[in-house]
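In what follows, a single structure is set out as structure tokens and then discussed.
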Amino acid sequence: MYSKDQVSQLKQEFWTAFGQYIAPQLSAEGLRINWINYKTGIKHLFFKMQADKRQATIGIEITHPDAGMQELVFEQFKEFKKLFEAQVQEEWEWELGAVDEYGKKISRIYTVLPGVSIFKKEDWPALISFFKPRMIALDEFWNDAQHSFDVFK
């Protein structure tokens, strides 16, 4: 069992390592970007990577406090589902009106890598191999689709 400080330190160590590994990768527009804190330019819309002691998750989270707006943004993503799946080269889970770990209603499009732990350094290559191509694919998708979401800015 890890102490709170050890948990924080290991997580920080992983995300720093991942950030250094992916830093040379330019965005679809050819720009340097912060992959870990990806800016979509749309309020309440995030590309998130998470890892804990059981699994890793990457996805799009729509956190708009208004349920109707959240559904509109989600429906807009559904209009791009074929393009999205072509970019990520796999099917992801699509959840409208899910509840996050804090009890907040969100909608999300995500995929999971089970059986890995951010606390096991021997799992880090698998985590990086999971996150990197999917984050790059999300960026490529967003480069093509983002202007259709400008109405939500």
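The values are calculated or read from the model by the stated rules, or taken from the named source; none is laboratory data. All figures in this text were calculated on a predicted structure; none of them were measured in a lab. Glycine also receives a Cβ, built like all others from the backbone with ideal geometry; neighbour counts cover every protein chain displayed.
Comparison of Ile136, Ile58, Ile118 shows that the only residue that is surrounded by 12 or more Cβ atoms within 10 Å (Cβ to Cβ), out of contact with any Leu (no Cβ under 6 Å at 6 or more places or on another chain) and assigned to a helix (DSSP H, G or I) is Ile136.
Can you tell me which condition Asp100 does not meet? The list is (1) surrounded by 13 or more Cβ atoms within 10 Å (Cβ to Cβ); (2) modelled with pLDDT under 95, and all the others hold. Among (1) surrounded by 13 or more Cβ atoms within 10 Å (Cβ to Cβ); (2) modelled with pLDDT under 95, the lone unmet condition for Asp100 is (1).
Within the stretch 1-50, how many residues turn out to be of a type in the set (Gly, Ala, Ser), farther than 14 Å from Glu140 by Cα and either touching a helix residue (DSSP H, G or I) at 6+ places or on another chain (Cβ under 8 Å) or surrounded by 14 or more Cβ atoms within 10 Å (Cβ to Cβ) (or both)?
Looking only at that region, the number is 2.
None of Phe149, Phe130 is surrounded by fewer than 18 Cβ atoms within 10 Å (Cβ to Cβ) and outside any strand (DSSP E or B) except Phe149.
If we scan the stretch 28-40, do we find a residue that is of a type in the set (Val, Ile, Thr) and not in a loop (DSSP other than H, G, I, E, B)? No, there is no match, as no residue in the stretch 28-40 is of a type in the set (Val, Ile, Thr) and not in a loop (DSSP other than H, G, I, E, B). Scanning the stretch 73-90 for residues that are surrounded by 11 or more Cβ atoms within 10 Å (Cβ to Cβ) and under 17 Å from Ile58 (Cα atoms) gives Phe74, Phe77, Lys81, Phe84, Glu85, Ala86, Gln87, Val88. Selection of first residues in the stretch 1-27 that are in contact (Cβ under 8 Å) with a residue 40 or more places away in the chain and of second residues that are in a helix (DSSP H, G or I) and of a type in the set (D, E, K, R), restricted to Cβ pairs under 6 Å at least 6 apart or on distinct chains, gives the following pairs, ordered by first then second residue: Ile22/Lys132; Ser27/Asp139.
Quick check on Glu71: is it farther than 27 Å from Glu13 by Cβ, more than 14 Å from the chain's Cα centre (by Cα) and of a type in the set (Asp, Glu)? Yes; evaluated as a whole, the condition is true for this residue.
Listed by first and then second residue, the pairs with beta-carbon distance under 7 Å, at least 6 apart or on different chains, first residue in the stretch 36-63 and within 21 Å of Lys81 (Cβ to Cβ), second of a type in the set (Asp, Glu), are Phe46/Glu61; Lys48/Glu61.
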